[in-house]
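For reference, the structure discussed in these notes is given below.
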Amino acid sequence: MAEQKYRNSVTLFLPFIDDEENSFDKIRKKITLSNEWQLCKDKIRYMHRYITEKFDTSDQNTCQCFHYKLDNQFREKYNILPADALYVAIEWPKASDPPFFGFYLEDIDIFCFSTEVNIMALRLRFTEQDSYRIAAAEYCVKKVANTSILPADGESKNGSITLQRMAENITKTLTDSADFFFFANRKSGRANILTYLEVPKKDNYTEELYFMKHAYGSGFHYYETQKAIELENFALTDDVTWGITTEAVVCLVCPERGRKDFLENVFYNNFHNEYFFMYTLLLHQKYMLYKLLTKIGRGSLNTHETLVAYRDELYEFETDFVFSHITEVPQYQLLYSRIVEVFALRAMYEDVHEPLVSLREVRSDEERRAREEEQRAREEERIAREEEQRQQEAHNARFESTLGLLSILGIFSALVDSFDFAGEFFAWCRGEQSSAIPVFRVLFLVVVVIISCFVLWNVVPHLIRNFKKNRQIKKDRENSRDGE
């Protein structure tokens, strides 16, 4: 590799998902068994413990993200050149002079997240040193599904290939259903970019930042509003300047301003560890939100069960991967917050929470229907009870009427017998009947008279009261129906 005065490092991020059940465990198992990947222990010293513990690979039962790096000795298996061999990317349309860019593919990483949204990171180093040329090169390579690359010496077993096709060839050994840029239309996905670039001393880097943070080629003209500059450009020192857009984060470093040793060693290592991991976490948030928004757009959340599953997935993701404060180190926290703002993550969270409003409405409707059903059941039970009571009252009334009728007939029978006995008694007194009146007839007559008096005293008034009561109930029901 040729020595460069101004170093650069450009990392392309290619998200992919696997819709297979438990793909998180399956992919990790295949990676482990293949022996082609090295498990990385990321040096994230400055982030809070409640974050770093979620990514502690020493505890594989609780770790939420595993970082793997492809072992260089297995590159040939995927027809990938060694890290010190030069690739060439052809710009199309040919707007540059020359219309191609040379780069080295230094590292291939995979971040395997428990959300089943995974990220492949391809770290490149361009042979260019001019910031405008590197911006044009990034404009070329970020279109990973369309831009072809090939060995600079022209020798290749399979000719040219796109970076996305190269990534797909790698993931085929891990899963058969990897879907790259699942949120984008076919072949329109663009890789996010993280760039480190050492630049010569200059009073202002605004224009260079504009082209690099947008990854614009020479066919674009510089135009930027002051509002965009204030939002997207970020600097805490005069020798480190950041540019941030939804598509790229750029760090311009000027060692010539006096901190050469610190910037070229300590800061360079921190950039490829702390800042690299921070940006990966934020990209994971964004890609996960894209996944959820894609579900919403497909209309797949149309039942109570799917809404509940969506809610659980969203809450689990927010618990494990969404942080507002990650560190006490000011420069890290300020950069993190600025990227969150530029990505518009909070607005996206409002969008993904929208279906939960529907879930609450569905639940409210179900509760309302349950209350109405319960009220209807109670009303039906009340009507049934009233009907049963009415039938019982009608039965009692019929029974009492029958009993009353029998009682009256008994009284008439007693009266007839009394009249017969009275006739016999008076005939005996006048001497018209010689035989005596039997004693049992006298006793029978006494009993009949007593029973008749009891009936007249108790049963008849009861019948009269029931008759009046039934008439009043009937009248009340008619009035109630009239009121309805």
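No lab work stands behind these numbers, since they all come straight from the coordinates. Not measured: the values here are computed from a predicted model. Cβ sites come from the backbone with ideal geometry, for glycine too, and all protein chains shown count toward neighbours.
Legend: calculated FRET efficiency, residue 270 to residue 84, from the Cβ-Cβ distance at R0 = 22 Å, rounded to 0.05, equals 0.35.
Placing a label point 7 Å from the Cα of residue 132 along the Cα-to-Cβ direction, the residues of the stretch 223-246 whose backbone N falls under 18 Å of that point are 223-224. Counted by Cβ distance under 13 Å from residue 172, the other residues give a net charge of -2, where Lys and Arg count +1 and Asp and Glu count -1.
For residue 71, the residues 5 or more places off, or on other chains, whose built amide H falls under 5 Å of its own are 37, 38. Estimated translational diffusion coefficient (Stokes-Einstein, Kirkwood radius over Cα pairs, 25 °C, 0.890 mPa s) of the stretch 12-62: 185 µm² per second. Taking square-rooted eigenvalues a ≥ b ≥ c of the alpha carbon gyration tensor, is the stretch 148-254 rounded, prolate or oblate, where a/c under 1.5 means rounded and, failing that, a/b exceeding b/c means prolate? Judged from the Cα gyration tensor, the stretch 148-254 comes out prolate (a/c at least 1.5, a/b above b/c). Near the amide H of residue 100, within less than 5 Å, lie the amide hydrogens of 91, all on another chain or at least 5 residues away, with H placed in the peptide plane. Here the label points at residue 52 and residue 76, each 7 Å from Cα along the C-beta direction, are separated by 4.0 nm in the simple model. Derived scalar couplings between HN and Hα for the stretch 64-73 equal 9, 8, 10, 10, 10, 10, 5, 5, 4, 5 Hz in order, rounded to whole Hz, by the Karplus curve 6.51 cos²θ - 1.76 cosθ + 1.60 (θ = phi - 60°), x for Gly and Pro. Modelled this way, with points 7 Å down the Cα-to-C-beta line, the labels at residue 308 and residue 40 are 4.0 nm from one another.
Taking θ as phi - 60° and the Karplus parameters 6.51, -1.76 and 1.60, the scalar couplings of the stretch 286-294 work out to 5, 5, 5, 5, 4, 4, 5, 5, 5 Hz in sequence order, x denoting glycine and proline. Under 5 Å from the amide H of residue 80 lies no amide H of any residue 5 or more positions distant or on a separate chain, with H modelled from the backbone and absent for Pro and chain starts. The stretch between residue 207 and residue 354 holds 49.0 nm of extra length on full extension. This uses 0.36 nm per residue minus the Cα-Cα distance. Subtracting the Cα-Cα distance of residue 230 and residue 374 from 0.36 nm times their residue separation leaves 45.8 nm of extension gain. Summing +1 for each Lys or Arg and -1 for each Asp or Glu among the other residues whose beta-carbon sits under 10 angstrom from that of residue 108 gives -1.
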